[in-house]
Amino acid sequence: MARHLYKIVGIGLVLYALISGLTTTLPVMGPMGQSNRNIFYHVPMWFAVVVLMAVSVLNSIRYLRMTDPDYEHKEGGYGLGITDIQAFESAKVGVLFNILGLITGMVWSRVTWSSHLPASRFDAWWIWDPIQICALVSLLIYLAYFLLRSTFQDEEQKAKISAVYNIFAFVSLIPLYFIVPKMLPGAHPTAANSDAGGGSFVMAGKLGGDFSIIFWPSILGFILIGYWLYEIRKRTEIAKLILSDEA
Amino acid sequence: MKPGKIIQLLVAALFTVFLAVSFSGNSSSYTTFPDARKSGNTVHIVGTWVNRETASYNPEEDVFSFSLQDTIGNISPVKYHDPKPNDFDKAEKIVVIGKYESPEVFTADKIIMKCPSKYGDKEVK
Amino acid sequence: MNIFLQTQTQDILLQSDKIYSVLTVILLIFAGFIVTMIMNERKLHKIEKIVQDKKTQKK
């Protein structure tokens, strides 16, 4: 039961964020209208991306440090394979949340920044705002990671080279998510020219109590659900690895 | 490595570079009215709608004219070839994308409503 | 007067019951997702027993 606890907490928190986030009375902000509720879903998705990519890169680092032959004999001799699977699968779930974050962002921008434009216009959905470009680049960096993996036939070579790449991929998230979008002017609320001064994602001072009571639990909920998804994926792949081996 | 995959990787790398370039081109274009007038380029200008009572829409030409004050305080007339966008009154800041086609009036090809970044409580102003 | 803040009471979304149908659809999707996850858990639980046996055999 204890190992299922985080899953139950995750389900509960996301349920709370969905029900409470859509039905509580909240202040309406300018042209955002009711769409400001999207903050409970769009932002947590990006938190989940960062956590999952961190899990991924930690496994890649662990993989590269596994030079000691003894270590290979842990986990019944599957230590290396399992670590590589964990790096790959968490990046996959991270990419899923990255895509969800982009979609929720596009819908949100369509109804706030560009509600006066017809839906048939592409620039009603996507304005090449600095943060949009950064998010898209981060997605491409991880798609390149998958592509890189698919080019190798030798498992060990694949795992080793993609682990090195994955470290660079994760390091690139720091400027892409935390520095560049905050330093440049743009339409996004985190941009340098925002009324709150930009410079941060939603910080305590910018988020009133009505919002933060749903916002923070939602972040934890999305991270836990994302981790659960990763756990299911990784366990499936580990089982496949062991069963296919000398079967 | 299989040759086909290498080509795919190259395409991905090129696309990333293209994005990076479009990025630097786009982001540098946020500016102020005097700079826009001097350069004559297509730029982004963020500002607040001022002198609201003088704003008007001319249905015959389909032109909405209003005054915008940029972040350092310059006020310039702006015309937009469309009716006044809905939510225009509610947006606290507006981004106009366009250029000075004549030295007097900034022509906005596109308008974006910049949304507030403070998720305040009801009592917050 | 502040144009940025209007109270929710003027809002059509919450006054109508539309939001509840939207919420119902979203909750159904979420429930479907959770059911899939739990089914996966149960399937994995069985497979992992086989895997465990194999691992101990190998040692």
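The values are calculated or read from the model by the stated rules, or taken from the named source; none is laboratory data. Predicted model only: the values in this text are computed from it and were never measured. Don't worry about glycine lacking a Cβ; one is built from the backbone with ideal geometry, like all the others, and counts go over all protein chains shown.
For segment A:117-136, a residue qualifies if it is surrounded by fewer than 18 Cβ atoms within 10 Å (Cβ to Cβ) and at the interface with chain B (Cβ under 9 Å from one of its Cβ atoms), and the qualifying residues are A:ASP123, A:TRP128. The set of residues in segment A:216-247 that are more than 9 Å from every other protein chain (Cβ to nearest Cβ), of a type in the set (Ser, Thr, Tyr) and within 25 Å of the chain's Cα centre (by Cα) comprises A:SER218, A:TYR227, A:TYR230. Taken over segment B:58-91, the criterion of being at pLDDT below 90 and aromatic (Phe, Trp, Tyr) is satisfied by B:PHE88 alone. Taking each residue of segment B:69-93 that is under 19 Å from B:PRO103 (Cβ atoms) and looking for partners that are in a loop (DSSP other than H, G, I, E, B) and of a type in the set (A, V, I, L, M) with beta-carbon atoms closer than 6 Å, six or more apart or interchain, yields B:PRO77/B:VAL105; B:LYS79/B:VAL105. The set of residues in segment A:18-38 that are under 20 Å from the mean Cα position of the chain (by Cα) and within 16 Å of A:TRP108 (Cβ to Cβ) comprises A:ARG37, A:ASN38. Just one of (1) surrounded by 18 or more Cβ atoms within 10 Å (Cβ to Cβ); (2) under 28 Å from B:ASP109 (Cα atoms) fails for A:MET106. It is (1). Among the residues of segment A:8-23, those that are hydrophobic (A, V, I, L, M, F, W, C) and within 10 Å of chain C (Cβ to nearest Cβ) comprise A:ILE11, A:VAL14, A:LEU15, A:LEU18, A:ILE19, A:LEU22. Note on segment A:177-211: residues that are farther than 20 Å from B:THR31 by Cβ, outside any helix (DSSP H, G or I) and at pLDDT below 70 amount to 6. Can you name the strands (runs of 3 or more DSSP E) wholly within segment B:39-125 that have at least 3 residues being crowded, with 16+ Cβ neighbours inside 10 Å? Output list reads B:43-50, B:63-70, B:75-80, B:93-100, B:106-114. When segment A:124-144 is filtered for residues that are assigned to a helix (DSSP H, G or I), closer than 17 Å to B:MET113 by Cβ and out of contact with any Leu (no Cβ under 7 Å at 6 or more places or on another chain), the ones remaining, listed by number, are A:ILE131, A:GLN132.
Determine the pairs where a residue that is at pLDDT 80 or above, located within segment A:56-80, has a partner that is polar (S, T, N, Q) with Cβ atoms under 6 Å apart, the partner being 6 or more residues away or on another chain. Partner pairs satisfying both residue conditions: A:SER56/A:SER90; A:VAL57/A:ASN166; A:ASN59/A:THR83; A:ASN59/A:GLN86; A:SER60/A:ASN166; A:ARG62/A:THR83; A:TYR63/A:THR83.
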